[in-house]
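Single-structure report; data block below.
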Amino acid sequence: MSDPGPLSVLVVDDSDFFAEMTANTLADEHGMDAEWASDAEAALDVLAEHEIDCIVSDYEMPGTNGLELKELVEERHGEIPFIILTGRGDETVAARAISAGVADYILKLEVVEDQQYQRLANRIETAVDQRRAQKRYELLVKNTPDAVAQVAADGETLAANPAMADLANATRDRLVGTDLTEAVPEIGADLLSVGCKTVEDGRTRREEVQLGDRFYQTIFVRVDINTERNTFQLIARDVTERTERERELERQNDRLDQFASTVSHDLRNPLDIAQVNLSVLEEEFDEVPPELEQVDESHRRMADLIDDVLTLAKQGATIEATEPTDLGAATEDVWPYVNAPDTDLVVETDGGVEADPSRLQELLTNLLQNAVDHGEAETIRVGTTADGFFVADDGEGIPPEEREDVFETGFSTAEDGTGFGLAIVREIADAHGWTITVTASEDGGARFDITGVDSA
């Protein structure tokens with residue numbers, strides 16, 4: 001961000017001595033560019049020739065007083081931070097100054113007699129900083145694609161940015177002053193109702209609303225300002241594409257569930273019948289022939305394939321919500337279900353991840369069982385990384401030329417493998433938005449890295 005340079009100040013006072021002394025002090029001792037004028041007309045001449053960041057003006061001056069000068073300045077130059085420096089502490093003057101929107105109100109005696117020019121300089125810097133911050137905010141609100149409006153509790157629209165005017169299909173001039181329920185009649189009453197609740201309890205609220213064929217994520221925030229009217233700000237962001245994508249994902253998940261149900265019904269029932277008939281046939285032999293044993297093995301393999309296909313369909317469904325999940329605890333929970341009597345598990349993490357707990361356990365189970373069945377690992381390590389976690393073993397490893405293929409459906413190096421285990425792992429990772437890769441571990445075995453994981 002560029003340095004705006006020293007603050008430029010205009011001191012206005014009907015005492016030439018005081019105006020010049022104050023301006024010189026602010027320049028010499030506080031590094032400000034200071035100009036001075038002895039009346040309103042001279043002050044306006046200075047403003048016509050110089051960019052001024054802040055005006056410090058006496059209140060009581062012949063002709064045009066300080067507050068009247070402020071009005072003239074706003075008419076010709078817009079809002080400039082304005083500090084009233086008055087010779088008397090009059091509550092009426094103070095009230096008028098505050099109502100007129102001055103940045104500050106300081107007694108002249110406090111500055112002159114107590115030599116508190118540092119205090120005055122601090123007030124000037126604060127007023128200018130606040131105005132610059134306000135300008136940045138106004139520029140942001142003006143240019144943001146989000147619809148922004150400030151609304152009174154009685155429904156009157158007090159301010160609106162161009163995006164809000166577009167949403168209401170009106171100009172900003174027409175929108176400001178209009179009742180919110182009239183500005184957007186389809187949803188105005190609902191917006192006002194939520195806004196009034198926010199005004200009452202001060203709690204920020206978020207609601208998704210639909211206007212025509214568009215969807216908006218709307219935030220309601222109470223505006224705490226020095227005013228007699230209770231107001232709230234609403235910020236509406238167009239989330240139509242996201243909402244439509246979520247609905248399409250829901251439809252995809254429904255189709256996957258339907259597919260899984262069809263597989264379960266249309267494949268399991270005939271297989272169950274075949275297995276029952278095989279059992280009846282086997283009872284007729286004192287010693288089961290090898291041919292029947294092969295049929296029995298084929299039935300078992302078909303059952304495993306059906307289980308894995310169903311798992312693949314379910315695990316590939318898009319994940320709609322995650323929750324903080326302890327990675328170490330999840331690993332310990334699934335380890336008893338892994339057939340690994342001769343393998344040691346080492347958990348090197350106490351951190352958590354954002355995940356669907358049940359699917360994370362399915363992923364871990366498949367990776368652990370894969371290390372035992374295909375890698376013949378003696379030790380398996382599970383730990384966290386900067387952006388995810390890993391599962392590594394000291395087994396036989398995976399040759400580099402096969403590392404791209406191990407996640408493909410049906411790929412297996414074991415004679416009795418279905419080839420679905422690592423495919424399911426990838427589907428679970430994809431459903432979370434994670435990335436999984438395989439390399440060689442430090443111990444010569446395989447190492448699976450899951451990245452893109454949010455820590456919890």
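Counting residues that are within 15 Å of Ala127 (Cα to Cα), in contact with a strand residue (DSSP E or B) (Cβ under 9 Å, 6 or more places away or on another chain) and of a type outside the set (Gly, Ala, Ser), which strands (runs of 3 or more DSSP E) fully inside the stretch 1-101 reach at least 2? In the stretch 1-101, the matching strands (runs of 3 or more DSSP E) lie at 8-12, 54-58, 82-86.
Do we have any residue at all in the stretch 227-234 that's closer than 26 Å to Gly101 by Cβ, among the hydrophobic types (A, V, I, L, M, F, W, C) and in a helix (DSSP H, G or I)? No: the stretch 227-234 contains no residue that is closer than 26 Å to Gly101 by Cβ, among the hydrophobic types (A, V, I, L, M, F, W, C) and in a helix (DSSP H, G or I).
For every residue, the table says whether it meets (1) at pLDDT 75 or above; (2) farther than 30 Å from Lys197 by Cβ.
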site: Ala127; (1), (2): yes, yes
site: Arg131; (1), (2): yes, yes
site: Leu140; (1), (2): no, no
site: Ala149; (1), (2): yes, no
site: Ala152; (1), (2): yes, no
site: Thr157; (1), (2): yes, no
site: Ala160; (1), (2): yes, no
site: Ala168; (1), (2): yes, no
site: Leu180; (1), (2): yes, no
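Out of all the residues in the stretch 242-257, is one or more in contact with a strand residue (DSSP E or B) (Cβ under 7 Å, 6 or more places away or on another chain) and either surrounded by fewer than 18 Cβ atoms within 10 Å (Cβ to Cβ) or not in a helix (DSSP H, G or I) (or both)? Steps first, please.
Our first condition is that a residue be in contact with a strand residue (DSSP E or B) (Cβ under 7 Å, 6 or more places away or on another chain); within the stretch 242-257, this holds for 243.
Then drop every residue that is not either surrounded by fewer than 18 Cβ atoms within 10 Å (Cβ to Cβ) or not in a helix (DSSP H, G or I) (or both), which leaves 243.
Taking every residue of the stretch 242-257 in turn, at least one turns out to be in contact with a strand residue (DSSP E or B) (Cβ under 7 Å, 6 or more places away or on another chain) and either surrounded by fewer than 18 Cβ atoms within 10 Å (Cβ to Cβ) or not in a helix (DSSP H, G or I) (or both).
For the stretch 175-219, the set of residues classified as among the hydroxyl-bearing types (Ser, Thr, Tyr) and either in contact with a Ser or Thr (Cβ under 6 Å, 6 or more places away or on another chain) or on the phi > 0 side of the Ramachandran plot (or both) consists of Thr178 only.
Yes or no, residue by residue, for (1) surrounded by 15 or more Cβ atoms within 10 Å (Cβ to Cβ); (2) on the phi > 0 side of the Ramachandran plot; (3) over 46 Å from the mean Cα position of the chain (by Cα):
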| site | (1), (2), (3) |
| --- | --- |
| Leu10 | yes, no, no |
| Thr22 | yes, no, yes |
| Met61 | yes, no, yes |
| Glu74 | no, no, no |
| Pro81 | yes, no, no |
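Contact map, the stretch 235-258: residues that are under 30 Å from Ala168 (Cβ atoms) paired with residues that are among the hydrophobic types (A, V, I, L, M, F, W, C) and in a helix (DSSP H, G or I), Cβ distance under 7 Å, separation 6+ or inter-chain. Pairs shown: Ala236/Leu167. May I ask you to list the residues in the stretch 175-204 that are farther than 19 Å from Asn230 by Cα and loosely packed, with under 14 Cβ neighbours inside 10 Å? Listed by number, the residues that qualify are Glu182, Pro185, Glu186.
The values are calculated or read from the model by the stated rules, or taken from the named source; none is laboratory data. Worth saying up front: this structure is predicted, and the values here are computed from it rather than measured. Glycine gets a Cβ as well: all are built from the backbone with ideal geometry, and neighbour counts include every protein chain shown.
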